[in-house]
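**Student:** I have a structure here, written as structure tokens, and I will follow up with some questions on it.
What follows draws every value from the coordinates through simple rules; no lab data is involved. All of these numbers come straight from a predicted model, not from anything done at the bench. All Cβ positions, even for glycine, are placed from backbone atoms using ideal geometry, and neighbour counts span all protein chains on display.
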């Protein structure tokens with residue numbers, strides 16, 4: 001069993017780290033909601049940072065980056081990081097996801113089709129992939145199943161050690177999703193939306209990650225959506241940042257860190 005799961009007991013009032021003042025004494029679920037309430041401020045920080053961004057890169061980074069949105073969201077939700085990537089000189093590849101609620105196996109199949117077209121158009125140059133939350137899990141799944149298409153995977157707040165290491169906020173939507181998926185005979189037979197799912201995606205992510213694909217996991221210990229300990233992945237490069245879970249894809253400091261890390265990887269992977 002993973003070390004983070006050994007340390008986490010569901011009956012304890014766990015709260016995110018880094019909370020100030022009286023927030024430290026709040027019950028766990030209240031503290032987690034309070035932690036995520038910072039998202040509104042992070043949106044404002046992103047809007048304030050836009051006018052100060054450069055009009056364009058001094059040199060073009062001739063690499064494509066596929067951006068995958070988080071649970072329940074589509075490509076529109078990744079516009080902040082798309083803007084930052086373009087300004088840094090990367091070429092953005094959209095996932096064509098309208099709402100990230102599909103079966104993970106089928107979602108990765110669709111992402112593979114997108115990646116195959118992009119790689120073919122780029123003379124075989126592998127993609128870099130950035131995913132937020134569940135998007136990070138799908139990005140890791142794409143890299144695990146198709147290392148010939150992916151050079152670098154960057155996840156933002158994705159519980160890569162356990163897809164179900166999340167707290168109260170997403171639980172109602174996950175419950176509805178499980179009921180919907182159980183109506184599909186194939187998904188029901190695979191035990192979709194459970195830890196016992198037998199699909200090719202789950203089999204791939206439980207195998208050792210391909211050595212020729214770089215895996216980078218950004219996490220925040222004040223995450224109010226997922227247990228941050230599930231985002232610290234053995235064998236990956238784990239990078240701690242500040243802020244909320246929801247704001248990881250637009251908080252200027254975090255986005256800039258992601259961009260710098262991609263620039264470093266562009267010349268080596």
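**Student:** Among DSSP beta bridges whose residues both lie in the range 62-266, state the antiparallel percentage, nearest 5. All intermediate terms of the calculation are to be shown ahead of the outcome.
**Tutor:** Details: 1 of 25 bridges.
Of those bridges, close to 5 percent are antiparallel.
**Student:** Would you mind calculating the gained length between residue 76 and residue 44 on full extension (0.36 nm times residue separation, minus the Cα-Cα distance), in nm to one decimal?
**Tutor:** Between residue 76 and residue 44, full extension yields 9.8 nm more.
**Student:** Regarding the chain, what are the three Cα extents along the principal axes, ordered largest first, in Å?
**Tutor:** 52, 48, 32
**Student:** Before anything else, pin down the relative contact order of the range 62-266: Cα pairs under 8 Å, at least 6 apart, normalised by residue count, whole percent.
**Tutor:** 21
**Student:** Right, next: Rounded to the nearest 500 deg cm²/dmol, what is the calculated helix-only ellipticity per residue at 222 nm for the chain, with -39500 (n - 2.57) per DSSP H run of length n ≥ 4?
**Tutor:** It lands at -11000 deg cm²/dmol.
**Student:** Another question about this same structure. Can you tell me how much longer the chain between residue 112 and residue 60 gets when fully stretched, taken as 0.36 nm per residue apart minus their C-alpha distance, in nm with one decimal?
**Tutor:** Gain on extension, residue 112 to residue 60, equals 16.2 nm.
**Student:** Right, something else. What percent do you get for the relative contact order of the range 69-137 when only Cα pairs under 8 Å and 6+ apart count?
**Tutor:** 44
**Student:** Please sort 36-48, 106-118 by packing, taking for each peptide the average over its residues of neighbouring beta carbons within 10 angstrom, highest first.
**Tutor:** 106-118, 36-48
**Student:** Under a point spin-label approximation (7 Å from Cα along Cα-to-Cβ), what is the residue 263-residue 168 distance to one decimal in nm?
**Tutor:** The modelled label-to-label distance comes out at 4.2 nm.
**Student:** Could you work out the relative contact order of the range 174-269? I mean the mean sequence separation of Cα pairs under 8 Å and 6+ apart, divided by the number of residues, in percent. Could the numbers behind the result be given before it?
**Tutor:** Values: 78 pairs, mean separation 17.1, N = 96.
Computed over the range 174-269, the figure is 18 percent.
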